[in-house]
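All remarks here apply to the structure that follows.
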Amino acid sequence: MAHSILLKSLAVILALALPLSVLPAPSSLAAGPDDEVDDMPAALAPQGGPLTSGRIVAIDRTAHQVEIEHAPIKEFYMQAMTMIFKVADPSLLYGLTPGDKIRFRLERSGRSYVITRIEHSN
């Protein structure tokens, strides 16, 4: 009995001794739709991560965009879906046609994503 009271007292003392400065401020956790600046720390934005598999749905060579039905992208917490992505270099679209199975690397660019590498996986 005395042992459990001692443990409860110790837990209360530790909880009160924890400095509040360790906890993040709520305003730094949420980004509103009107935010112009990307606050994602560079350490959290993957650079040169693994390739993601997908299938080309459509290509817009004049806008340097490709529509891809892709598998989940864990690095960016994305579920499997179909999305339109810009490509970093228009030459990445050379030789690609709708229906091609591909593997690609996605990188964050501000508030959007850019494909920096594409390879056939047929």
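Taken over segment 89-122, the criterion of being over 13 Å from residue 52 (Cα atoms), more than 17 Å from the chain's Cα centre (by Cα) and either surrounded by fewer than 16 Cβ atoms within 10 Å (Cβ to Cβ) or touching a residue at least 40 places away in the same chain (Cβ under 8 Å) (or both) is satisfied by 89, 90, 91, 94, 95, 96, 97, 98, 99, 100, 122. You will find that of 58, 80, the residue that is in contact with a His (Cβ under 7 Å, 6 or more places away or on another chain) and at pLDDT 95 or above is 80 and no other.
The values are calculated or read from the model by the stated rules, or taken from the named source; none is laboratory data. A quick note: this is a predicted structure, and the numbers were derived from the prediction, not measured. In this analysis, Cβ positions are derived from the backbone assuming ideal geometry, glycine residues included, and neighbour counts consider all displayed protein chains.
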